[in-house]
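Have a look at the structure below before the remarks.
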């Protein structure tokens, strides 16, 4: 989601509440486009405010983390230290609903007179910047210096006047609280409703525009020219409600997840996603106490997901290539198997010749007789250059060859299908890998399976000890521990080392996926609530290739009934008796735990 004006409004409110009146204790610049302000609040608490002007990821939030700073402070950091270190924060404001936060600091100049200067954080995508201005709104310096060759709209250089560029004809939402003005702005330009809102009013992102339209019970693709008075009124009430909430400082801090990946964050409730978990889409919500917590968690998890996916791309390419080869091999083997279906015809030809061929004239090209298996007429083609007995032998030899081929190809097919199933399970493991230790496990697994060539170690170099990844751990609504293997190594360890014989084991019936263990500590089946079984089954459905389905068939059984055949691939098991359920892949009721 965009770092929009509504999010900035919530953040401005939080910054003001936490550091207004505080002293600017330290100023650091850990990254070329980031500053870290350490503020001693009036409460005595040290608050660390991180502000980033990154082109792809601008943000600001309070954090408890420590950062490594460069040995020599950058120029912009030194300018801030020179002017406002130990200054007192006397103002935190957002102009209109712009994506801008102004932090005003009062300090003493060289002559002992009070002066005020302002750090202006602009969160505007690739145009984001952190600008330091004096009390006359003259730029002292900026974290990104912008000259005329970069921007014709506004130079950001020392000595230049600071102003907010008006690059679009947008209106502040606070200036449109009369229905007539709202309608007039909305109808300018014949476009769809979503674009009309976020292009017409300051601070609204596409997601926020969609939320307002959803609250009004309307279709965002509807043209503004098609709106009637009733439509305008309903949309205005939704718009007015948002403005009132912002003015009152009434915010909700939420992250929306889909399939375990953070999709959106918001400073208001996003009712367009249902407001609760959705099994069909795997949507669930995490509500936090502050917008800083939301932003820090969202960006950290989003970065982690992106980083792990990038690092998994090589492994995924190897698995995809191996799957394609396996599928091609399967197609050839299935064609070979189909070709052997005519083997019995040759056996019957041979038997017919042995039974009726004694009376054939020399040089006959065909035997016409009655098939004694079906009592139907049959014609047996003959090679006129050889005897009927030699023809019969030729047919029996062909039958024997096809029979041997069928037996061999049937075995090869079983191997190829198991290989394909194994590769699909590795692919499923890549989908749910959460850290580098998981990827190392998967790489090691592919080395052992022969899909990746093992690297040698020159001289005295030895391989580093592999960091052991851990299975996912959840607590069910009834307090039962549920563990989920994230790869085939973990699946084996979870099933045969961590699980007790009396624990319950869950797995998708038709899709590759994780082994799931519900620890029951010897509880009898009749003493375990159905909800616990359903939640463990939902985890097995969610962490499988079938998670996009509305419902997934799950097999579950006492762990002692699960066996691992000797020499089988990691993660491969067999069981011969089980219970089954069909359940939605919804894990919103499970509480994730850190081991």
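Here are some notes:
- Sorted largest first, the principal axis extents computed over the alpha-carbon atoms of region 90-162 equal 39, 26, 16 Å.
- Per-peptide packing, taken as the mean over residues of other Cβ atoms within 10 Å, places 496-509, 368-381 in the sequence 496-509, 368-381 from highest down.
- Estimated at 0.36 nm per residue, the fully extended path between residue 93 and residue 334 surpasses their Cα-Cα distance by 79.7 nm.
- Least to most buried among 515, 521, 253, 83 (fewest other Cβ within 10 Å first): 521, 83, 253, 515
- Counting other Cβ atoms within 10 Å as a rough exposure proxy, the listed residues 49, 177 run 177, 49 from fewest neighbours to most.
- The Kirkwood hydrodynamic radius of region 496-540, based on inverse pair distances between different Cα atoms, is 11.2 Å.
- Residues residue 327 and residue 374, FRET efficiency given R0 of 41 Å [Cβ-Cβ distance, rounded to 0.05]: 0.60
- Legend: translational diffusion of region 208-307 by Stokes-Einstein, Rh = Kirkwood radius over C-alpha pairs, 4 °C, 1.567 mPa s; D = 86 µm²/s.
- Rg to Rh, two decimals, where region 313-452 supplies the alpha carbon set and Rh follows Kirkwood: 1.33
- Cβ-Cβ FRET estimate between residue 303 and residue 341, R0 fixed at 56 Å, reported to 0.05: 0.50
- Relative contact order (percent, whole number), the chain, Cα cutoff 8 Å, 6+ residue spacing: 8
- Stretched out straight at 0.36 nm per residue, the stretch from residue 229 to residue 390 would grow longer than its current Cα-Cα span by 48.5 nm.
- Both numbers refer to the Cα atoms of region 5-142; Rg and Dmax are 13.9, 42 Å.
- Extension gain (nm, one decimal) between residue 247 and residue 406, 0.36 nm per residue minus Cα-Cα: 49.5 nm
- For the chain, the mean residue ellipticity at 222 nm estimated from helices alone is -12000 deg cm²/dmol, where every DSSP H run of n ≥ 4 contributes -39500 (n - 2.57) and the total is divided by all residues, rounded to the nearest 500.
- Nearest 10 degrees, 0 to 90: helix 343-356 Cα axis against the chain principal axis: 10
- Stokes-Einstein diffusion coefficient of region 472-593, Kirkwood radius over Cα pairs, 10 °C, 1.306 mPa s, in µm²/s: 113
- Measure of compaction for the chain (Cα Rg per 2.2 N^0.38 Å): 1.41
- Projected-area average for region 129-211 over all orientations - Cα convex hull basis, square nanometres: 7.4
- Region 423-441 and region 90-131: distance between their alpha carbon centers, rounded to Å: 45
- Model label zone, residue 67; criterion: amide N under 18 Å from point 7 Å along Cα-to-beta-carbon; scope region 125-169: 125, 128-132, 142-145
- Per residue, the convex hull spanned by the Cα atoms of region 133-286 measures out at 172 cubic angstrom.
- Residue ranges 35-43, 96-104, 481-489 sort as 481-489, 96-104, 35-43 when ordered by packing (mean number of other C-beta atoms within 10 Å per residue, highest first).
- Label zone at residue 190, where the point sits 7 Å out along the Cα-to-Cβ direction: region 224-260 residues whose backbone N lies under 15 Å: 224-227
Every number here is computed from the coordinates shown, using simple stated rules; none is lab data. Everything numeric in this text was worked out from a predicted model, so none of it was measured. All Cβ positions, glycine included, derive from the backbone under ideal geometry; neighbour counts span all protein chains shown.
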